[in-house]
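Participant: Encoded as structure tokens, here's the structure I'll be asking about.
The values are calculated or read from the model by the stated rules, or taken from the named source; none is laboratory data. From a predicted model like this one, the values you see are computed outputs, not experimental measurements. Here the Cβ is made from the backbone with ideal geometry for all residues, glycine too, and neighbour counts use every protein chain on show.
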């Protein structure tokens, strides 16, 4: 069993983020559940594995597209991205997207092929 990707956000107005068709097929926006970080209003429901430095297994280009769309959304206050086995409520930042992008461009998923 692998580590699943978790993507949550908090909106300024409580409404769902307006991602204007930016969600890839298989991803939907749902209300945050009881496992969400404190303050999260919505979850991006998807079935992907987590991707990050040291665990390069999930579809980072799809995950990054969602994270970048969330950060570009006017009513987003906070974004969280982590693996389901990590206990964290630390918000994800645009700088971390850049960090993970650099890791992906240098490594892709090669460590796990």
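Participant: Can you tell me how many residues within region 62-85 are exposed (fewer than 15 other Cβ atoms within 10 Å of the Cβ), in contact with a strand residue (DSSP E or B) (Cβ under 9 Å, 6 or more places away or on another chain) and within 18 Å of residue 29 (Cα to Cα)?
Facilitator: 3
Participant: Would you be able to say whether some residue in region 91-106 is assigned to a strand (DSSP E or B), touching a helix residue (DSSP H, G or I) at 6+ places or on another chain (Cβ under 8 Å), touching a residue at least 12 places away in the same chain (Cβ under 8 Å) and within 17 Å of residue 8 (Cα to Cα)?
Facilitator: Yes, some residue in region 91-106 is assigned to a strand (DSSP E or B), touching a helix residue (DSSP H, G or I) at 6+ places or on another chain (Cβ under 8 Å), touching a residue at least 12 places away in the same chain (Cβ under 8 Å) and within 17 Å of residue 8 (Cα to Cα).
Participant: Still on this structure, I have one more. Give the residues of region 38-48 that are in contact (Cβ under 8 Å) with a residue 24 or more places away in the chain and either surrounded by 20 or more Cβ atoms within 10 Å (Cβ to Cβ) or within 11 Å of the chain's Cα centre (by Cα) (or both), sorted by residue number.
Facilitator: Within region 38-48, 40, 41, 42, 43, 44, 46, 48 qualify.
Participant: Could I ask something else about it? Quick check on region 4-23: of everything there that is assigned to a strand (DSSP E or B) and touching a helix residue (DSSP H, G or I) at 6+ places or on another chain (Cβ under 8 Å), which residue is farthest from residue 70 (Cα to Cα)?
Facilitator: 5
Participant: So, residue 79, is that one touching a residue at least 12 places away in the same chain (Cβ under 8 Å), in a helix (DSSP H, G or I), in contact with a helix residue (DSSP H, G or I) (Cβ under 6 Å, 6 or more places away or on another chain) and over 21 Å from residue 2 (Cα atoms) or not?
Facilitator: Values: touching a residue at least 12 places away in the same chain (Cβ under 8 Å): yes; in a helix (DSSP H, G or I): no; in contact with a helix residue (DSSP H, G or I) (Cβ under 6 Å, 6 or more places away or on another chain): yes; over 21 Å from residue 2 (Cα atoms): yes.
No.
Participant: Residue 26: assigned to a loop (DSSP other than H, G, I, E, B), at positive phi, surrounded by fewer than 19 Cβ atoms within 10 Å (Cβ to Cβ) and at pLDDT below 95, yes or no?
Facilitator: yes
Participant: How about region 49-61: which of its residues are in a helix (DSSP H, G or I) and either buried (at least 18 other Cβ atoms within 10 Å of the Cβ) or touching a strand residue (DSSP E or B) at 6+ places or on another chain (Cβ under 7 Å) (or both)?
Facilitator: Across region 49-61, the qualifying residue is only 60.
Participant: Confirm whether residue 88 is touching a strand residue (DSSP E or B) at 6+ places or on another chain (Cβ under 8 Å), surrounded by fewer than 18 Cβ atoms within 10 Å (Cβ to Cβ) and under 19 Å from residue 2 (Cβ atoms).
Facilitator: Criteria met by residue 88.
Participant: Sort out which residues of region 30-45 are in a loop (DSSP other than H, G, I, E, B) and within 16 Å of residue 16 (Cα to Cα), and write them in order of number.
Facilitator: The answer is 32, 33, 36, 39, 40, 41.
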